[in-house]
Amino acid sequence: MSLLLDGRSLSEKLRSEIKQEVERYVKLGLRPPTLAVVLVGDDPASQVYVANKRRACEKVGIRSIVYRLPVNTTTEELLELIAQLNAEDGVDGILLQLPLPPQINQQEVIPAISPKKDVDGFHPENMGRLVARMEDGFIPCTPLGIDLLLKHYGVELKGKEVVIVGAGFIVGRPLSLLMLWRDATVSVCHIHTRDIVEHTKRAEVLVSATGVPGLIKAHMVKEGAVVVDVGISRLGDRIVGDVDFEEVKEKAYAITPVPGGVGPMTVTALLLNTLKAYRKALGKEGI
Ligand code: GUN
């Protein structure tokens with residue numbers, strides 16, 4: 001059995017530090033950090049994610065305001081709400097829950113969010129900062145959460161072979177850039193990759209972010225690898241990841257569980273990004 005990369009317990013520790021920092025600000029008479037969460041439509045998974053984010057904010061003293069818009073909202077209506085939230089001094093972060101209904105032009109609404117409030121890190125300006133290694137931008141939450149988890153467990157990345165399965169813009173692409181910051185050698189596999197196993201077998205750190213349950217089997221994993229599972233799929237009444245945990249845990253040096261691995265770290269990273277936006281808005285260093 002390999003080492004469990006426990007995102008739940010690291011999140012508990014980090015969230016208690018966030019809570020203490022927020023309490024110090026509020027004791028000084030400052031307003032609490034505030035996150036606006038925008039949910040368009042009634043996607044069941046998104047409802048659960050938004051409820052989790054809201055609960056996590058509440059527990060650390062971050063104010064969250066949820067805006068629920070109907071499934072038939074137009075791009076213009078959403079742009080109007082975003083403009084209003086951009087202009088609102090009391091709002092530090094704006095999170096637009098994805099996916100959006102198909103009639104909404106994502107390419108238009110994401111760049112409309114103020115880069116200063118873009119706690120998801122999806123604005124092209126923040127993505128550009130990630131390319132340029134400018135650390136004052138916002139790093140997307142799942143890559144940031146994975147980076148913090150690997151760091152906490154002392155996983156050295158310099159010169160290592162990191163293989164990411166999944167090239168999506170929420171996880172795979174930004175994570176590949178962050179792993180380059182850490183001086184890893186990075187490969188990104190995607191739907192057109194000819195022989196995925198050839199790549200995964202070389203990985204010293206293997207990350208899977210596809211949403212295909214059980215995709216990663218033991219024969220695809222190098223002995224002693226660190227395996228990070230970003231997948232969250234519902235199989236009957238069970239939540240499972242991309243990795244066949246029972247098989248792979250015998251071969252890996254370390255592995256993230258699902259649930260309790262990357263998921264809580266993503267939410268913790270959102271809290272950290274919101275606090276960062278708040279500190280910037282108030283011109284505060286971390287206290
Ligand atoms: N949907 C799935 N993951 C994410 C995320 O990290 N941020 C947002 N806004 N939506 C998501």
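The values are calculated or read from the model by the stated rules, or taken from the named source; none is laboratory data. This is a predicted model, so every value here is computed, not measured. All Cβ positions, even for glycine, are placed from backbone atoms using ideal geometry, and neighbour counts span all protein chains on display. Side chains included, ligands, DNA and RNA excluded: accessible areas come from the protein's heavy atoms. Shrake-Rupley method; radii C 1.70, N 1.55, O 1.52, S 1.80 Å.
Calculate for the chain the 222 nm mean residue ellipticity that helices alone would give, adding -39,500 (n - 2.57) per DSSP H run of length 4 or more and normalising by residue count, nearest 500 deg cm²/dmol. Could the numbers behind the result be given before it?
Numbers: 10 runs with 116 residues, N = 287.
That calculation yields -12500 deg cm²/dmol at 222 nm.
Provide the descending list of Cα extents for the chain along its principal axes, expressed in whole angstroms.
53, 43, 40
Tell me, in nm to one decimal, what length is gained between GLU12 and LEU180 on full extension, where the rule is 0.36 nm per residue of separation less the Cα-Cα distance?
Gain on stretching GLU12 to LEU180: 57.7 nm.
Pairs LYS19/LYS276; LYS19/LYS280; LYS53/LYS117; LYS151/LYS280; LYS27/LYS117: which are spaced more than 20 Å apart, C-alpha to C-alpha? Please list the in-between numbers first.
Numbers: LYS19/LYS276 13 Å; LYS19/LYS280 18 Å; LYS53/LYS117 16 Å; LYS151/LYS280 25 Å; LYS27/LYS117 24 Å.
Violating the 20 Å Cα-Cα cut-off are LYS151/LYS280; LYS27/LYS117.
Hey, what do the phi angles of the range 25-33 turn into as Karplus ³J(HN,Hα) couplings, whole Hz, using 6.51/-1.76/1.60 and θ = phi - 60°, x for Gly and Pro?
Going residue by residue, I get 4, 5, 5, 6, x, 7, 5, x, x Hz, with x marking Gly and Pro.
Let's test the formula: R0 of 30 Å, r as the Cβ-Cβ distance of HIS219 and ALA45. What FRET efficiency results, to the nearest 0.05?
The pair HIS219/ALA45 has a calculated efficiency of 0.50.
Report, ordered by chain and residue number, the lysines lying within cross-link reach of LYS217, taken as a straight Cα distance under 22 Å and ignoring same-chain residues fewer than 8 apart.
Reachable lysines: LYS160, LYS201, LYS249, LYS251.
Return the distance in nm (one decimal) between the two label points of a simple spin-label model at GLU161 and ASN86, each offset 7 Å from Cα along Cα→Cβ.
About 4.5 nm, to one decimal.
Mind listing P(r) for the range 49-130? All alpha-carbon pairs, 5 Å bins, whole percents.
Going from the shortest bin to the longest, the percentages are 3, 13, 24, 25, 21, 12, 3, 0.
Please enumerate, by chain and number, the aspartates and glutamates with C-alpha under 15 Å from the C-alpha of LYS116, excluding those fewer than 8 residues away in the same chain.
Answer for LYS116, where 15 Å is the Cα cut-off: GLU88, ASP89, ASP92, GLU125, GLU135, ASP136, listed by chain and number.
Taking every pair of alpha-carbon atoms in the range 84-222, what share in percent sits in each 5 Å bin, from 0 to the bin with the longest distance?
Histogramming the range 84-222 at 5 Å steps yields 2, 9, 17, 20, 18, 14, 10, 6, 3, 1, 0 percent.
Against the 2.2 N^0.38 Å scaling, with N counting residues, where does the range 160-250 land? I'd like the Cα-based Rg ratio to two decimal places.
Cα Rg divided by the expected 2.2 N^0.38 Å: 1.02.
Label HIS190 and LEU3 with points 7 Å out from Cα along Cα→Cβ: what is the distance between them in nm?
3.3
Quick check: at a probe of 1.4 Å, how many percent of the accessible area of the chain sits on carbon and sulfur atoms?
Exposed carbon and sulfur together represent 54 percent of the surface.
Given the range 59-107 reduced to its alpha-carbon atoms as identical point scatterers, what log10 I(q)/I(0) does the Debye formula return at q = 0.24, 0.27, 0.29, 0.31 Å⁻¹?
The Cα Debye sum returns log10 ratios of -1.01, -1.18, -1.29, -1.38.
How large is the Kirkwood hydrodynamic radius of the range 132-287, in angstrom, based on all distinct alpha carbon pairs?
With all distinct Cα pairs of the range 132-287 included, I get 16.0 Å.
Tell me the accessible surface of ARG15 in square angstrom (1.4 angstrom probe, heavy atoms of protein chains only), to the nearest ten.
Solvent-accessible area, nearest 10 Å²: 60 Å².
Can you figure out the FRET efficiency of ARG202 with GLU58, using R₀ = 30 Å and their beta-carbon distance, to the nearest 0.05?
Calculated transfer efficiency: 0.10.
What does the extension gain come out to for THR75 and TYR153, with contour length at 0.36 nm per residue minus their alpha carbon separation?
On the way: separation 78, 0.36 × 78 = 28.08 nm, distance 4.27 nm.
Stretched out fully, the THR75 to TYR153 stretch lengthens by 23.8 nm.
For the range 124-232, with only Lys/Arg (+1) and Asp/Glu (-1) charged at the beta-carbon, what is the dipole magnitude about the Cα centre, in debye rounded to 20?
Roughly 160 debye for the range 124-232.
Suppose the chain between MET134 and LEU235 were pulled fully straight at 0.36 nm per residue; how much longer would it get relative to their current alpha carbon spacing?
Separation in residues times 0.36 nm, less the Cα-Cα distance, equals 32.4 nm.
Treat the range 200-278 as a sphere of radius equal to its Kirkwood radius over Cα pairs and apply Stokes-Einstein at 10 °C in a medium of 1.306 mPa s; give the translational diffusion coefficient in µm²/s, rounded to a whole number.
It comes out at roughly 121 µm²/s.
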